Amino acid sequence: MPSGPGERSVRPRVDRHLFVVFGATGDLMRRKLLPALYEVARTVAPDRGPVFHLLGCARARLDDSRFRRQAASAIVRAGLATPAEATAWVAARVEYHALGDGGPDDYRRLRTRIEAIEGEHGLPGNRVFYLALPAGAVPAAVDSVGDAGLAEGPGWTRLVVEKPFGTDLASAERLNRCLHRHFPERAIYRIDHYLGKETVQNLIVFRFANMLFESVWSRDRISHVEITVAEQLGVEDRARYYDGAGALRDMVQSHLTQLLSLTAMEVPSSLDADAVRNEKVKALQAVETLGPDGLVRGQYGAGRLGGKTVRGYREEEGIRRDSSTETYVALRLYLNNWRWQGVPFFLRTGKRLPEKRTEIVVHFRRPPVWFFPGPSPREISANTLTVTLQPREGFELAFEIKRPGHAIELETHRLHFLYSEAFGPLADAYQTLLVDLLRGDPTLFVRADEVEEAWRIYGPVLRRPPRLRRYAAGTWGPTDARRLPAELGHQWSSD
């Protein structure tokens, strides 16, 4: 795992390889992977020649020139290069292979093409297989790659799988068995782009390099913790996928649970990938069974957002008019371990909320004895530490000070740190994760047991029919979500 900004300023060295993308004509390739790969090519240092050649694979019957035009256009739209620069870049290192129907003969021909490209460009046989595919297509693609003899090559081989990693515990276990039939766990990189955000990575540095915070990071000093991932957008062009998944599967089981594990984990023995991920798994194993009283599900209706009226979820294009899919989830979780016993973790995520925001808010306990004049401790703001992942990445510490004057009057002020002020623009999360992938560092990728433990937490509620509360677009979700913290004398930071 990177140790900080200093390491990012050094151009990492990686082995030359062939980067193969399945689903190369899809939206993920155009919007995320191609721009990130273009930037990676500029920031890594090969021993000789281009660090990678890119082979796009899909069923569409394209030739190299047409695919290169599409690739160059994606890079230009991302604002990373002029048309001439992008065209020259793709001409030097991008090729395309049509997979046809994806049968055994098609994958044998793919193997022949891969070996030919490696021979032509003098590549040592290192290979990345990136599955930019719908979840349902992943097992068949993995089996086809393995059956064609591509799981083991002359050099190293790495397989990248996008979330969702299953739809429940049973399907996640089936997916892991499929992956492990052909690839060892050390070669599998399950990618969750939230883990590539600089502020997420810095949680470990922030906690364990600063005794000021680690010494108070427990039930003795912390009252409760909030984790919020708020989205202004609706379903956009993901209606077909989203209506079959919902917020619990799409966001909570992956993004929010990863943030939970990094916030709650114990000190790892080192920054070795397995040492870090072992502690994350232990934190998830400590999460108590989630009961019905600790969960609120909602679905947005029409409302005002950003100065205009937006339609409700069931009126969105591609959504069933009787859909019972949740677009909002709020949870109250407890960890049954020494550090966190009795401390509630409140998690929430939703679409069509008032603003886009991802943050972790750590609420410290109030003073046990109050001798200042004026309000009681219950009426004074407790110290809070806010870790903002987007849109303004950084940290903010709220504390009490004396207002100038003869009287003892308290006032809340804040210290803040913003990455943009200290370092300028941050690298895209995909770019960060791709560099770590090419370096063979799996710390920021999700291990098989992490996936299964996360599904274990939410399995009981996924099996129950959802009870949906409606909320208007542009609000902070169903009013019933306030109950989760209110029952314990707390409230959401934004509501």
| query | Pairing the Cα long axis of helix 198-208 with the longest principal axis of the chain, what angle in degrees results, from 0 to 90 and rounded to the nearest 10? | reply | 60 degrees
| task | Considering the options 252, 417, 263, tell which one lies farthest towards the positive end of the dipole of the chain, charges being +1 on Lys and Arg and -1 on Asp and Glu at the Cβ, about the Cα centre. | result | 252
| request: Note down the nm distance, to one decimal, between modelled labels 7 Å out along Cα→Cβ at residue 111 and at residue 85. | output: 4.1 nm
| message | Among 123, 146, 33, which residue has its Cα furthest toward the positive end of the charge dipole of the stretch 5-162, with +1 on Lys/Arg Cβ and -1 on Asp/Glu Cβ? | response | 33
| task | Work out the length of the dipole vector of the chain about its Cα centre, built from +1 on the beta-carbon of each Lys and Arg and -1 on the beta-carbon of each Asp and Glu, and round it to the nearest 20 debye. | result | 900 debye
| remark: Computed for the stretch 349-495: size of charge dipole around the Cα centre, +1 on C-beta of each Lys and Arg, -1 on C-beta of each Asp and Glu, debye to nearest 20, value 780 debye
| query | Where does the charge balance sit around residue 107 when Lys and Arg score +1, Asp and Glu -1, over other residues with C-beta under 10 Å from its C-beta? | reply | -1
| message | Based on DSSP loop calls and a cut-off of at most 10 other Cβ atoms within 10 Å, the longest stretch of the chain free of exposed chymotrypsin sites (Phe, Trp or Tyr not before Pro) is what? | response | 1-337
| said: Using helices alone, I'd like the mean residue ellipticity at 222 nm for the chain: each DSSP H run of four-plus residues gives -39500 (n - 2.57), total over residue count, nearest 500. | reply: -9500 deg cm²/dmol
| request: Report the extension gain between residue 399 and residue 493 in nm, rounded to one decimal, defined as 0.36 nm multiplied by the number of residues separating them, less their alpha carbon distance. | output: 32.3 nm
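Add +1 for every Lys or Arg and -1 for every Asp or Glu among the other residues with Cβ under 9 Å from the Cβ of residue 188, and state the total.
Cβ neighbours under 9 Å give a net charge of +3.
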| note | The distance between the Cα centres of the stretch 301-364 and the stretch 66-126, in whole Å, is 39 Å
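If you take every residue apart from residue 292 with its C-beta less than 13 Å away from the C-beta of residue 292, what net charge results, scoring Lys and Arg +1 and Asp and Glu -1?
Neighbourhood net charge equals +4.
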| Expressed as an acute angle from 0 to 90° and rounded to the nearest 10, what is the orientation of the C-alpha long axis of helix 34-43 relative to the principal long axis of the chain? | 90 degrees
| message | With the crude spin-label approximation of a point 7 Å out along Cα→Cβ, what separation in nm comes out for residue 288 versus residue 341? | response | 1.2 nm
| task | Can you pull the one-decimal nm distance between simple spin-label points at residue 269 and residue 479, each 7 Å off the Cα toward Cβ? | result | 5.4 nm
| With charges set only on the Cβ (+1 for Lys and Arg, -1 for Asp and Glu), what does the dipole of the stretch 5-162 come to about its Cα centre, in debye to the nearest 20? | 540 debye
| task | Just the Kirkwood number for the stretch 5-162, please: inverse of mean 1/r across all distinct Cα pairs, in Å, one decimal. | result | 16.1 Å
| What is the Cα radius of gyration of the chain over 2.2 N^0.38 Å, N being its residue count? | 1.04
| Theoretical gain in end-to-end length, residue 210 to residue 152 [0.36 nm per residue, Cα-Cα removed] | 16.6 nm
| field | Net lengthening on full extension, residue 320/residue 137 (0.36 nm per residue, minus Cα-Cα) | value | 63.5 nm
| Packing-based exposure ordering (other Cβ within 10 Å, fewest first) of 388, 257, 358 | 388, 358, 257
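None of the figures in this text is laboratory data; all of them are computed from the coordinates on show. The structure presented is a predicted model; accordingly, all values stated were derived computationally and were not measured. Methodologically, a virtual Cβ is constructed for each residue, glycine included, from the backbone with ideal geometry; neighbour enumeration extends over all protein chains shown.
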